[in-house]
Amino acid sequence: MKNEGIAGTERFASPGKGRGLRAVKHFAVGDLVFACPAYSYVLTVNERGAHCEYCFTRKEGLSKCGKCKQAYYCEIDCQKGDWPMHKLECTAMCSYGENWCPSETVRLVARIIMKQKVTTERTQSERLLLLSEFEAHLDKLDSEKNEMNQTDIAALHHFYSRHIDFPDDQTLTVLFGQVNCNVYNVVTVWTHSHQSLMNHSCSPNVIVTYKGTVAEVRAVQDIQPGDEIFNSYIDLLYPTDDRNERLRDSYFFTCVCNECATRSKDGGKMALQKLSSPPQPEEVRKMVHYARNVIEEFRRAKHYKNILFPTICELSQEKMSSIFADTNVYVLHMMYQAMGVCLYMQDWDGAMSYGEKIIQPYSVHYPAYSLNVASMYLKLGRLYLGLERKTQGVKALKKAIAIMEVAHGKDHHYVTEVKQEVEELK
């Protein structure tokens, strides 16, 4: 397998990391390194009705399944194409009604099992890495994660036992471990073997975006022949210790990339207020602990509909700002949450104000061509336009386009839509 590759890449033994993917040709910034269809995928329940279940096209006027009335499709061909997988859920959704509630992970595993039963040859998604080669890291799971795996297995049996002959529970435990370590989330949940072959770096040289059910990997740094191809597994806004805590918890390793070794951005990300009497190290440590706890709480649940959430946001931000500068990533996190509250409550001026405070620090803290930065420019641009600030709106949208053309490719429909938006403003 060592020398097998696709479109200028090859699988190799990466020192200290196990398997890896490296370039065998030069890729300039914005070049497509490779594209790979998903091995298996499901559309998240809260996106049903907005995207086609089969091709993931986002459009209005989708046609719903006549039986369950919960799955939506572009056209009859998409509905027929999805039937081998949708039939696993269609009858069950009708039978269980409102009690139909398997997680996206359970739904995905059900589809993988069904695909494995009908697939006899290596799929296009497995050109470099078989699904069976995915890491499961079962030996590193704590009791909570083991319990979650067992809960998922029970749910799989409960919702799908009439439709699937399951392998034994040990095989299912391994499969859930593999999926949990290698699944990718956008508006969908899916597995891509080539993505799983790329190792992590906090200074990645590629970015992964999606066109329908196909993952597209593009260079965001100049890549020379022999260079390893690195993706990022996590949100890169946060300082080194936070990133590595997340990596250890979810992927069971500590990153040793140059960014982590030098901590070159940590000073800016952890900026403090310029006070006449600087805070003591112990005060900073306690505030960091407080901020991490608040962020974890927000990560676990969305509170926008909670009437207390705006107050919680405001009080948390006020407390952090007593020590942290406005460019500190923990304060930025609270500003981002507050912006979400403003958008939900249709407080457009408030949302714009937060966006203006966020965008410049985001541009510094995130790597080049970050989609988090592009997304903020898009939100700001549309807020400006809605508030009749056309010049600023067009400027923000153009900055979003500049990032998206590299990350998504110039021919991606997202880029086309935003360009059309700008064109119509002339």
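The values are calculated or read from the model by the stated rules, or taken from the named source; none is laboratory data. None of these values were measured; they are calculated from a predicted model. A quick note on method: Cβ atoms are made from the backbone with ideal geometry, for glycine too, and the neighbour counts reach across all protein chains shown. Accessible surface is based on the protein model in full, side chains and every heavy atom, while ligands, DNA and RNA are left aside. Shrake-Rupley method; radii C 1.70, N 1.55, O 1.52, S 1.80 Å.
Under the simplified labelling scheme, the residue 349-residue 150 pair shows an inter-label distance of 5.6 nm, with each label point 7 Å from Cα along Cα→Cβ. Over 27 Å apart at the Cα level, from the set 64/399; 67/117; 80/419; 265/390; 319/399, are 64/399; 80/419; 265/390; 319/399.
Per-residue 3J(HN,Hα) values for segment 202-213, derived from phi via the Karplus relation 6.51 cos²θ - 1.76 cosθ + 1.60 with θ = phi - 60°, read 7, 10, x, 9, 9, 9, 9, 10, 10, 10, x, 9 Hz in sequence order (x marks Gly and Pro). Look at the Cα gyration tensor of segment 297-400: its axes a ≥ b ≥ c give a/c of at least 1.5 with a/b at or below b/c, and that counts as oblate. Applied to segment 101-118, the Karplus parametrisation 6.51 cos²θ - 1.76 cosθ + 1.60 on θ = phi - 60° returns per-residue 3J(HN,Hα) values of 8, x, 5, 4, 5, 4, 4, 5, 4, 4, 5, 5, 4, 5, 5, 4, 6, 9 Hz, with x for Gly and Pro. Placing +1 on the Cβ of every Lys and Arg and -1 on the Cβ of every Asp and Glu, with no other charges, gives the chain a dipole of roughly 600 debye about its Cα centre.
Each distinct pair of alpha carbons in segment 117-169 adds a 1/r term; the inverse of their mean, the Kirkwood radius, is 13.7 Å. Within the listed set 47, 216, 259, the residue fluctuating most in the Gaussian network model of the chain (springs between alpha-carbon atoms under 10 angstrom) is 47. Using a 1.4 angstrom probe on heavy atoms only, work out the carbon and sulfur share of the accessible area of the chain in %. It is 50 percent, rounded to a whole number. Couplings 3J(HN,Hα) of segment 409-426, computed from phi: x, 5, 9, 5, 5, 4, 5, 4, 5, 5, 4, 5, 4, 5, 4, 6, 8, 6 Hz, in residue order, whole Hz [Karplus 6.51 cos²θ - 1.76 cosθ + 1.60, θ = phi - 60°; x for Gly and Pro]. In this structure, the amide hydrogen of residue 9, modeled 1.01 Å from its nitrogen in the peptide plane, lies closer than 5 angstrom to those of 24, counting only residues at least 5 positions away or on a different chain.
At q = 0.07, 0.08, 0.10 Å⁻¹ the log10 of I(q)/I(0) for the chain amounts to -0.39, -0.51, -0.82, computed by Debye summation with a single uniform scatterer per C-alpha, solvent ignored. Taken per residue, the accessible surface of the chain reaches 49 Å², heavy atoms only and a 1.4 Å probe. Considering only alpha-carbon pairs that sit under 8 angstrom and 6 or more positions apart, the relative contact order computed for the chain is 16 percent.
Ordering 113, 72, 161 by the projection of their Cα atoms onto the charge dipole of segment 51-164, which places +1 on the Cβ of Lys and Arg and -1 on the Cβ of Asp and Glu, puts 72 at the extreme positive end. For segment 76-138, the fraction of C-alpha pairs more than 18 angstrom apart is 52%.
Taking amide H as placed 1.01 Å from N in the peptide plane, the amide H of residue 210 sits under 5 Å from that of 216, each at least 5 places away or on another chain.
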